[in-house]
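Here is the structure we will look at.
The values are calculated or read from the model by the stated rules, or taken from the named source; none is laboratory data. Since the model is a prediction, treat every value here as computed from it, not as a measurement. We place every Cβ from the backbone using ideal geometry, glycine too, and count neighbours over all the protein chains shown. Surface areas here come from the heavy atoms of the whole protein model, side chains and all, with no ligands, DNA or RNA. Shrake-Rupley method; radii C 1.70, N 1.55, O 1.52, S 1.80 Å.
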Amino acid sequence: MNYKLEIDVSPVYELLDSFMLYVTKKWNSNLDIGPDWIRDVDSRIAPQQISALRQAAEWPFEDYDVLYAWAYSRGPASKVTQFLDELEACSLEECFERTAPFFESFTLEECARIKYSYTPLLRLWYDQYFRHTEQKMLTLMIEDASEKKMLESKMDIVALIEYASGGMVIEDIPELETIVLLPTVHNRPINTYCFYKKLMLVQYPVDVPQDSEDEPPIVLLRLTKALSDPTRLRMLRFIAHEPKTMWEMQSELSQTREMLMHHLLILRVAGLLRVHLRGEGTERYSIRPDGASELQMFLESYIRI
C-alpha cells in the first residue's frame, strides 16, 4: 500500500460542509454544533433567502462529491471568494474537463446543472453566513493540520489516517494512489470520505478546546451515550474479535439496516469503532481498542480520581 498522502487546508471545503449540513440537516442530532445551529442561522437570514438555500435539499446528495472535486481540482484556495469567482468565470466546457477525470461517468448536462444551480447559492451562503465565521474555522484547521503534518515523518500513512479520523482504516485498494486529509470543524465529530478515480478525500474532525473545565468533556459524553444502549453493547461484543460486514450484523443482531446505521454512527462518533475500507461500498467494522482506554482516561480526569 504505497499511497501518496496530502494534508490540505482550505476554507472552501468548510464552506461546502456548512452549506451541505444546513440544507440537508444530515447527521443533525449527532453533530457538536447541534440542531440549535440551524435555528440560529435561520434567525439571521431573511425568509426569502432561506427558501432559496433550502431548494438545494431536494437535489441529489451525490452533487457534493462533484463540488468537493471542484474544490480539490483548483488547488489550495486562500479565499472562498477566489474559488467562487473562478467557478462563475470558467466556461462550462472548462469546468467539465476539470471534473470528468474524477468520475467513471459524468455528463456535460450534470456539470451544467450543478454549476449553474449551486454557484449562486454558495455565494448567498457565503455572504449570509460563512464569511462571518471563516477566519475562526480556518485558524482551527491550520493548527490541527500542522500537528498532522508533523506526524507524517513519524507514522505510517494508514496509521496516521486512522489516528486523525478516530478509526478509519484504509486497507489494500489497488486503484487508489492519493489520499487527501481534510480537517473540518462543522462536521465534528463525524468523519467522511469520497472515492474518486485513484483519489480519496478523507475529512476528519479537528480538536476544539473545551470552553470550561467544569463541564464534562464532549468526548466523555459521546462515550457514555454510546455505551448506554444494550443494542450497541451487543454490537461491540459481536465485532470484538474480527471485522464484520453490515450484512453479518443484520443477520446476527436482528436489526434493520436503518437501525444499524443509526447505532453505528453513534459508535463511530464516540470513537469506539474502526471502519475498514477496501473500496467504495465495502465497509467492515471492528472494535477500536483505544476507545475503552479513552473512556477510563476521560472519566478519571474529569472526576479527578
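Largest accessible area first, the listed residues Lys244, Lys154 line up as Lys154, Lys244 when surface is computed with a 1.4 Å probe on the assembled protein chains. Here r is the Cβ-Cβ distance between Ile142 and Leu253 and R0 is 30 Å; the resulting FRET efficiency, rounded to 0.05, is 0.10.
One chain, two ends: His132 and Ser91. Fully extended at 0.36 nm per residue, the span grows by 11.8 nm beyond their Cα-Cα distance.
By a 1.4 Å probe calculation restricted to protein chains, Trp37 has an accessible surface near 30 Å², given to the nearest 10.
For the cross-link pairs Lys4/Lys197; Lys26/Lys148; Lys79/Lys115, the ones whose C-alpha atoms lie over 23 Å apart are Lys26/Lys148. Amide H contacts under 5 Å for Arg274: Ser286, Ile287, Arg288, restricted to partners 5 or more places along the chain or on a different chain, H placed in the peptide plane at 1.01 Å from N.
Volume of the convex hull of the chain (Cα atoms only), normalised per residue: 152 Å³. Residues whose amide H falls under 5 Å from that of Tyr193, counting only those 5 or more places apart or on a different chain, are Gln203, with hydrogens built in the peptide plane. Between the beta carbons of Asp63 and Ser293, assuming R0 = 35 Å, the FRET efficiency works out to 0.30 to the nearest 0.05. Estimated from helices alone, the mean residue ellipticity of the chain at 222 nm is -16500 deg cm²/dmol (sum of -39500 (n - 2.57) over DSSP H runs with n ≥ 4, per residue). Measuring nothing but protein heavy atoms, the accessible surface of region 76-192 at 1.4 Å probe radius is 53 percent carbon and sulfur.
Model label sites at Ser73 and His262, defined 7 Å from Cα along the beta-carbon direction, differ in position by 3.9 nm.
Which residue, chosen from Val158, Leu273, Phe83, occupies the Cα position most advanced towards the positive end of the dipole of the chain, where the dipole is computed from +1 (Lys, Arg) and -1 (Asp, Glu) charges on Cβ about the Cα centre? Looking along the dipole axis, the top candidate is Leu273. Applying the Karplus relation 6.51 cos²θ - 1.76 cosθ + 1.60 with θ = phi - 60° to region 14-31 yields 3J(HN,Hα) values of 5, 4, 5, 4, 5, 4, 4, 5, 5, 7, 8, 6, 6, 6, 3, 6, 9, 8 Hz, where x marks Gly and Pro. Placing a label point 7 Å from the Cα of Ala52 along the Cα-to-Cβ direction, the residues of region 113-144 whose backbone N falls under 18 Å of that point are 114-132.
Per residue, region 168-265 exposes 50 Å² of accessible surface when a 1.4 Å probe is rolled over the protein heavy atoms with every protein chain present. Model label sites at Glu6 and Lys197, defined 7 Å from Cα along the beta-carbon direction, differ in position by 1.6 nm.
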